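Working notes, structure below.
The values are calculated or read from the model by the stated rules, or taken from the named source; none is laboratory data. All figures in this text were calculated on a predicted structure; none of them were measured in a lab. Cβ placement follows ideal geometry from the backbone for every residue including glycine, while neighbour counts extend to all protein chains displayed. Just so you know, the surface numbers come from the protein's heavy atoms only, side chains and all, with ligands and any DNA or RNA stripped out. Shrake-Rupley method; radii C 1.70, N 1.55, O 1.52, S 1.80 Å.
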Amino acid sequence: MLVTSRSYAEYEAMFDLTELPESILDCCAGGAGFTAEAAARGVDAIAADPAYELEPAELVDTVRRSLPATAGIVDEHSGSFVWHWYGSPERKDQFRIEAADTFLQDVSVAPERYVAAGLPELPFGDRRFELVLCSHLLFTWADKYDRDWHLAPLRELIRVSNREVRIFPLVMQGAGEPVPYLPELLAALDGITWEVRKVPYEFQVGANEMLVLTRS
Ligand SMILES: C[S@@+](CC[C@H](N)C(=O)[O-])C[C@H]1O[C@@H](n2cnc3c(N)ncnc32)[C@H](O)[C@@H]1O
């Protein structure tokens, strides 16, 4: 799986972040620049990802390698992507390069913000974060992970959230096919209220919605 580096601007649009709460967890943060930028805005921001177990040089290499690899996936499925949000491939690359730089700088000066951990078990207390974000892990890899695999991570994200969990996108990697078992999965989320909400971002065609989870 790629350890990608989406930028603060991409997170802001994917999750329709009009205001920032006091605390935010980005879980599967990878090389994203969000946590560093949110912390710079005064948020108690934490990033979690199993990739943070890598040795520093290997993490740098893994994050840097994701840019050409992502471009390759986009080329392979070019008819499945739209460019109105980014404007051009060059601007998208610029966002990702800057975000990777921001991440790599921050992880070296503030390592306490980057926790090596993975779903479905996070080392945080119940209701620790006002907002929990999950970009491009759940649903994205639904071609590899089945319905039952998704259930425990969704419950874990809700456990560590005090207010809301937001997940983007709701389609699979590559061609952006819908997740075949999504309705069935949502129906199985007992004790959790869910809402699919439009966001001001689209890259995979039609992937302009996030899932918002709250406790029932
Ligand atoms: C495609 S990247 C997304 C990174 C970042 N959120 C972004 O939008 O650019 C997927 C990330 O999920 C992480 N990951 C893989 N398995 C995970 C798990 N079980 N729990 C949390 N993160 C996981 C990978 O290490 C990788 O960094």
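Here are a few things to note about the model shown:
- Count of residues meeting criterion [among the acidic types (D, E) and closer than 23 Å to S161 by Cα] in segment 100-149: 5
- Residue within segment 49-66 that is under 25 Å from A175 (Cα atoms), at pLDDT 95 or above, over 16 Å from the mean Cα position of the chain (by Cα) and of a type in the set (S, T, Y) present: yes
- For segment 143-193, the candidate set comprises residues that are among the hydrophobic types (A, V, I, L, M, F, W, C) and within 13 Å of the ligand (Cβ to nearest atom); within that set, the residue that is most open to solvent (accessible area, probe 1.4 Å) is W149.
- Candidate set: segment 25-45, residues that are open to solvent by less than 20 Å² (accessible area, probe 1.4 Å) and aliphatic (A, V, I, L, M); chosen: the one farthest from the ligand (Cβ to nearest atom): V43
- Close contacts from segment 127-139, counting a first residue that is closer than 22 Å to E184 by Cβ and a second that is open to solvent by 10 Å² or more (accessible area, probe 1.4 Å) and part of a strand (DSSP E or B), with Cβ to Cβ under 7 Å and a gap of 6+ residues or different chains, come to F139/V171.
- Residues satisfying the stated conditions in segment 1-24, i.e. open to solvent by 30 Å² or more (accessible area, probe 1.4 Å), touching a residue at least 12 places away in the same chain (Cβ under 8 Å) and not in a loop (DSSP other than H, G, I, E, B): A9
- Pairing each residue of segment 96-117 that is more than 20 Å from S66 (Cα to Cα) and in contact (Cβ under 8 Å) with a residue 60 or more places away in the chain with any residue that is in a helix (DSSP H, G or I) and within 16 Å of the ligand (Cβ to nearest atom), provided the two are 6+ apart or on different chains, yields C-beta distances under 6 Å for R113/T35.
- Test: L138 is touching a strand residue (DSSP E or B) at 6+ places or on another chain (Cβ under 6 Å), modelled with pLDDT of 90 or more and aliphatic (A, V, I, L, M): yes
- Taking the criterion of being more than 17 Å from R41 (Cα to Cα) and either open to solvent by less than 10 Å² (accessible area, probe 1.4 Å) or near the ligand (Cβ under 9 Å from one of its atoms) (or both), the residues of segment 93-120 that qualify are R96, A100, A117, G118, L119, P120.
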